[in-house]
1. For Ala112, are the conditions met, namely being in contact with a Phe, Trp or Tyr (Cβ under 6 Å, 6 or more places away or on another chain) and either more than 18 Å from Ala59 (Cβ to Cβ) or assigned to a helix (DSSP H, G or I) (or both)?
2. Can you list the strands (runs of 3 or more DSSP E) lying wholly within region 1-74 that have 3 or more residues being buried (at least 19 other Cβ atoms within 10 Å of the Cβ) and modelled with pLDDT of 95 or more?
3. Being assigned to a helix (DSSP H, G or I), of a type outside the set (Val, Ile, Thr) and in contact with a Ser or Thr (Cβ under 8 Å, 6 or more places away or on another chain): is that true of Ala218 here?
4. Assess whether Val179 counts as being under 21 Å from Phe92 (Cβ atoms), over 12 Å from the mean Cα position of the chain (by Cα) and without any contact (Cβ under 8 Å) to a residue 12 or more places away in the chain.
5. Could you name every one of the helices (runs of 4 or more DSSP H) located completely within region 225-297 that has at least 2 residues being buried (at least 18 other Cβ atoms within 10 Å of the Cβ) and at pLDDT 95 or above?
6. If you scan region 170-194, which residues turn out to be assigned to a helix (DSSP H, G or I), surrounded by 21 or more Cβ atoms within 10 Å (Cβ to Cβ) and in contact with a strand residue (DSSP E or B) (Cβ under 7 Å, 6 or more places away or on another chain)?
7. Out of region 195-222, which residues are buried (at least 17 other Cβ atoms within 10 Å of the Cβ), more than 17 Å from the chain's Cα centre (by Cα) and farther than 16 Å from Trp126 by Cβ?
Amino acid sequence: MGAWGVVFIGLVLGGSAQVPDEVLAAARALVPDGQDSLIEGGRDAELLQVAAQWVHDRAGSITRDLHLFEFCSGSGRATAAVMRRGGAAAGFDKATRHPTEDATVLSGVMFAGLLVCRLVVGGLLWCSPQCSTWLGWLSRNYSKRELSNNYMGDETKPKVREGTVTALVMTWLMHLAAVRGAYVLCEQPQNSLIYSFGTVQETLTTIDAHRFVVYLAAYGANSLKPLEIYTTLGSRKMLPLLRTFHEAKARLQTVEKKPLAKKSGKWINGTKDTKKSEEYPFEFADAIAQLVCSLLR
């Protein structure tokens, strides 16, 4: 098991294992000038197309052995929970600091696409992109995301641009998963502006995703913490994640309440405390694992 509780199994392509370093080498061959960033230089569409073609050329020979792919997995609790139940899971997050887990560079997009291709039919692509620049109530003054700019915000700010590019890559992964017979799910704090971003809206409509609200307090979080979820899973399949608002309120009576992303009366956006608040309660991670295992019966 690697850092952040995330495990990678070799990608089987035509009988040989393709590991992250080999994907990195392939990306370098595709862009010998080294200009592999989707954030800089206005090459996001071009590089995404390069990655998509590279993945497409290999998709037919990839062994489908994953039950869960957790895109932007953070601490990897859901991935670890699925593996504890005997499932096969992989996470992907920039926090590992490996370039093949950075969705804003070519090698990362390529590797993420390969991991989606490894999902079995009926497996799950779980997306939880970094929400910091999409929060209308906390970061809008910084991000400048609004209807007039299609919620792309102030693209001169690297973090805002990174959030937009990650969302674009995510929509490609969603399409890829859906056409390969896997389920798709995206979660964000309730009222995240990412669902107002045109490309995300169009993708969710195309794959016929439905909206649910999940309260992490019902799974042991110390604030109500509603998550807004769009998914191709139906209500019956979503049951492990659908504890009610009343259950959430009742659980809050038994824990010390702490406002989301707030400490000592001050907002803590952009700090280690914010990152800590993004972690799933272990009970919720186990509910995700229960859901994933139920899909494969």
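The values are calculated or read from the model by the stated rules, or taken from the named source; none is laboratory data. From a predicted model like this one, the values you see are computed outputs, not experimental measurements. Every residue, glycine as well, gets a Cβ built from its backbone with ideal geometry; the counts of neighbours run over all protein chains shown.
1. yes
2. Numbers: elements: 11-13, 16-18, 66-71.
Filter on region 1-74 gives 66-71.
3. So Ala218 fits the description; yes.
4. On the way: under 21 Å from Phe92 (Cβ atoms): yes; over 12 Å from the mean Cα position of the chain (by Cα): yes; without any contact (Cβ under 8 Å) to a residue 12 or more places away in the chain: yes.
Yes, satisfied.
5. Correct list: 282-295.
6. Met170, Leu173, Met174, Ala177, Ile194
7. Passing the criteria: Tyr215, Ala217, Ala218, Ala221, Asn222.
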